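Enquirer: Structure below; questions to follow.
The values are calculated or read from the model by the stated rules, or taken from the named source; none is laboratory data. Note that the structure is predicted; figures quoted are calculated from it, not measured. Heads up, the Cβs are rebuilt from the backbone with ideal geometry, glycines too, and the neighbour counts pull from every protein chain shown.
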Amino acid sequence: MHGALSKYRICDFTGQLAGAGATKWLAALGAEVIRIEDPVRQGRWDILRGIEPFVDERRGIDLGGGFNNHNTEKYGITLNLRTDKAKEILRELIAKSDAVTENFAAGVLASWGFDYEAMKAIRPDIVYVSNCGFGHTGPYHRFKTWGPIVQAISGITFTSALPGQPPAGWGYSYMDHTGGYYMAMAIMLALIHRERTGEGQWVDLACTEAGLTLNGPALLDWTVNGRPWRQDVQPSSNRSQWPPMAPHGIYPCAGDDEWLAIACRSDADWQSLGALAGQDWCRDPAWAQMTNRLADQDRLDERIAEWTREHDKFELARALLDTGVPAAAVQKPGERVDHDPSTSGFGLWPTATHTQMGRVRVDGLPVHFSETDWHIERGGPCLGEHTEEVLTRVLGMTGDEVAALREEGVI
Amino acid sequence: MSALAGIRVIELAREPIAFAGKLLADMGADVILVEPPGGDPCRRYPPFLDDQPGDDRSLYWWHYHTSKRGIVLDLDSEAGRRDFRRLAASADVLLEAEAPGRLRELGLDYANLVEVRPDLIHVAVTPFGRNDPKSQLPATDLTVLAGGGPVWSCGYDDHSLPPVRGLGNQGYNTGCHYAVLSILTALLHRLSGGRGQFVDVSLHAAANVTTEAASYAWLVKGDTVQRQTGRHAAVQLTGETQVRCADGRYANTGVPPRTPKEFGAMLGWVRELGLEDEFPEAVFLEMGANWEGPFDLSLLGRDDTVTAIFSAGRDALKLIAGRIPAYDFFIGCQRVGLPAGIIYSPEEAFEDEHFKARGFQVDVHHDDLGRSFRYPGAPYRLPASPWRISRRAPRLGEHTEEVLNSLAD
């Protein structure tokens, strides 16, 4: 099928989520993404290949549920880059590719003989995008990271916290997702530049720097006003600093571990909340003004929590929304995936067919294009699933040649 | 040449999309921010320069609107709409986050604008998507992250504490990342000879597919992850990875030792700090260091020796972290190849020598104040088509005349 990015071929060494998430976007929009994996180590560099969740009792390198989720619509081939023949095949593939992408630790691809200069010699306008924690220059360029470390370094963990508590951080690799988004942007920015000038380039993406850009106002408060975010009493990240809003928080509801988010943007929102709640404290004239509510947030939050505790989170969220106050139930995975018309109605959970796992629902893309919408049908590739297809179709080899390479341990 | 030089983007000022406009503008796009008379409310958000509120003193505004030009148009007047149509005729991209229906009522929706600009790329960002009635209801970053999944996964082991929303408008940011991905994709399609198009971006959907295993543990197996302090939410609870160091700052212990070489390094570090006497498990570190060949990780929890060795590795990390400053712990771990990290506050990260050496701090001149200020720099480095803050955020209506005078009638 024809997609927005159908003319592009990506020679893809990415894995995990920080890299694979980037090329998932490209593949869903039509790019031909060819994953290259090591047959000797069974592609285990991408640890998600063989780890849970599993669809059934089977275990194995082709059965990781996370891997399938992040690698839909990609092709998978194996190349044993310890061999000269595999390096020659890689050279041929780079010559026929628009971009080379990887998220190894800095220097790994170069150690195999494929640094940017070498790839440029093969294809002068190649786009090369590397994505690692600290980038390829600077004092820490040899340091290793994974999502939680990137978040720790870049301030993202520290700024997610309640007062008097240690950092809560993010309960998942937010910066693997987001690093992947920046990597996909970088690939496309470089392709746009190439379309307009004919010039390729090496993009050095450091996930920690991408993370640092995500708390801009806090950084300017530091550089301009000298105010650090590390303070004796940590601000609550459930409250709203910029702009100040009160009440603004996450409150308990009826049931076990059930919560509701409420944001009163203005005195008018507060009046609406008060009319709905009908409690004595809603009529407290001292709380009619935002400035007073901001100064008294601890007490305010206690009163709100006493009220919300008596109610069902979905019913109260709906009632608040109907009166014009921003509110949302804190949704559990099953609630937002299976019982939320705003996700299913958007087509957010497409079913992909994986060669061994069968039909499995995966994350879709949260956008729709009127002319060239995304497309996810094929699951993540099994190890070497498309080696023969790619070597014959893209590089023009014969089936016999591929069989011989397999015999020699090249693929 | 900047990657997006010559690409004109109209951004209809709204808080949730400001970051998307910045990402495009800092890559060279000619982003024209359209504000209503009186200005966008975000102009009045704190923090302020010297903590003094006032026009053009909002650091929030400064950050989100770098490299853009700003104009004022009253879309509720016929003259304003006429000017907007002239502007649209000159634009490659319209980026907006209006309530669904508003642009149609104004006669300025995609169907109208393609008449003046047939290859327009129109990207609409709404809370739940353009066709979802819930998009008419109010939403904020907090409600997007709460309803969309991220909040469920973040917080503490103690579930009597509320789950946590992280700072920084990350719900909006995620929507902005997808808006930019959509725009770049649509531009590439156009460069390949394709048409312009309309793109519908849902903030709620963007949050939903940015939760890692929370979504796919459910999709694959129907399992629900539970939040834990400072580490991944999980179906099966996991051991702590966040440690308070000797200086009171926290560190993430990362991936514990797994190879004989790493166990040897841990043993050496324990000895160097004089901690061997109070750490009887050091004997297991030594066994790990002398282990023949790689460990069979499937034996963890089944073979007592392998389990004790790995447990000693984790315990040694925690012991050391508690005895030295967080920064020394971070550097010490990384020197022996263990991916651990200090939990920096944003300003501590910003001042770290690594980011300084890479030129992450950039100066932006504010001609109106006669001063320069340091801003966060590039999220990625494209040497042939560099990221650059080309100008400070615009004052209200600063470029109205300049832009309108340049347009064809």
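Enquirer: Quick test for you: out of A:Q331, A:Q356, pick the one residue that is within 14 Å of another protein chain (Cβ to nearest Cβ) and free of Cβ contacts under 8 Å to residues at least 12 places away in the same chain.
Expert: A:Q331 is the lone residue from the list that is within 14 Å of another protein chain (Cβ to nearest Cβ) and free of Cβ contacts under 8 Å to residues at least 12 places away in the same chain.
Enquirer: Could you count how many residues in segment B:55-74 are of a type in the set (D, E) and more than 14 Å from every other protein chain (Cβ to nearest Cβ)?
Expert: Of the residues in segment B:55-74, 2 are of a type in the set (D, E) and more than 14 Å from every other protein chain (Cβ to nearest Cβ).
Enquirer: For segment A:57-99, enumerate the residues that are of a type in the set (K, R), within 26 Å of A:D115 (Cα to Cα) and in a loop (DSSP other than H, G, I, E, B).
Expert: Listed by number, the residues that qualify are A:K74, A:R82, A:K96.
Enquirer: Check segment B:313-328 and report whether any residue there is touching a Gly at 6+ places or on another chain (Cβ under 7 Å), surrounded by fewer than 20 Cβ atoms within 10 Å (Cβ to Cβ) and part of a loop (DSSP other than H, G, I, E, B).
Expert: no
For every residue, the table says whether it meets (1) touching a His at 6+ places or on another chain (Cβ under 7 Å); (2) modelled with pLDDT under 95; (3) farther than 22 Å from B:A139 by Cβ; (4) surrounded by fewer than 18 Cβ atoms within 10 Å (Cβ to Cβ).
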site	(1), (2), (3), (4)
A:L316	no, no, no, no
A:R336	no, no, no, no
A:S342	yes, no, no, no
A:L348	no, no, no, no
A:H386	no, no, yes, no
A:L395	no, no, yes, yes
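Enquirer: Which of the following residues is more than 7 Å from chain A (Cβ to nearest Cβ) and touching a Pro at 6+ places or on another chain (Cβ under 9 Å): B:L203, B:L167, B:L137?
Expert: Among B:L203, B:L167, B:L137, only B:L203 is more than 7 Å from chain A (Cβ to nearest Cβ) and touching a Pro at 6+ places or on another chain (Cβ under 9 Å).
Enquirer: Can you find even one residue in segment A:9-18 that is buried (at least 18 other Cβ atoms within 10 Å of the Cβ) and at the interface with chain B (Cβ under 9 Å from one of its Cβ atoms)?
Expert: So far as segment A:9-18 goes, yes, one or more of its residues are buried (at least 18 other Cβ atoms within 10 Å of the Cβ) and at the interface with chain B (Cβ under 9 Å from one of its Cβ atoms).
Enquirer: Next question. I'd like the residue in segment B:208-227 that is closer than 18 Å to B:G166 by Cβ and assigned to a helix (DSSP H, G or I) and, out of all such residues, is nearest to the chain's Cα centre (by Cα).
Expert: In this case the residue turns out to be B:N208.
Enquirer: Now for a different question. I need the full set of residues from segment B:22-61 which are in contact with a Pro (Cβ under 8 Å, 6 or more places away or on another chain), part of a strand (DSSP E or B) and within 20 Å of A:T291 (Cα to Cα), in order please.
Expert: Once the filter is applied, which keeps residues that are in contact with a Pro (Cβ under 8 Å, 6 or more places away or on another chain), part of a strand (DSSP E or B) and within 20 Å of A:T291 (Cα to Cα), segment B:22-61 yields only B:S58.
Enquirer: Which residue out of B:I389, B:I331, B:I342 is within 11 Å of chain A (Cβ to nearest Cβ), in contact (Cβ under 8 Å) with a residue 60 or more places away in the chain and more than 30 Å from B:R82 (Cβ to Cβ)?
Expert: The match here is B:I342.
Enquirer: Next question, about the same structure. Working carefully through the options A:A277, A:A288, find the one that is surrounded by 16 or more Cβ atoms within 10 Å (Cβ to Cβ) and either away from every other protein chain (no Cβ under 12 Å) or over 34 Å from the mean Cα position of the chain (by Cα) (or both).
Expert: On inspection, the qualifying residue turns out to be A:A277.
Enquirer: Further question on the same structure: Take A:G15 and decide whether it is within 17 Å of A:N131 (Cβ to Cβ), within 13 Å of the chain's Cα centre (by Cα) and in a loop (DSSP other than H, G, I, E, B).
Expert: For A:G15, the condition - within 17 Å of A:N131 (Cβ to Cβ), within 13 Å of the chain's Cα centre (by Cα) and in a loop (DSSP other than H, G, I, E, B) - is met.
Enquirer: With surrounded by fewer than 24 Cβ atoms within 10 Å (Cβ to Cβ), of a type in the set (G, A, S) and under 23 Å from the mean Cα position of the chain (by Cα) as the only criterion, which of A:G216, A:G180, A:G226 stands out?
Expert: Of A:G216, A:G180, A:G226, the one residue that is surrounded by fewer than 24 Cβ atoms within 10 Å (Cβ to Cβ), of a type in the set (G, A, S) and under 23 Å from the mean Cα position of the chain (by Cα) is A:G216.
Enquirer: Scan segment A:136-160 for residues that are crowded, with 24+ Cβ neighbours inside 10 Å, within 7 Å of chain B (Cβ to nearest Cβ) and either more than 18 Å from the chain's Cα centre (by Cα) or touching a residue at least 60 places away in the same chain (Cβ under 8 Å) (or both) and jot them down.
Expert: A:Y140, A:F143, A:T145, A:S154, A:G155, A:F158, A:T159, A:S160
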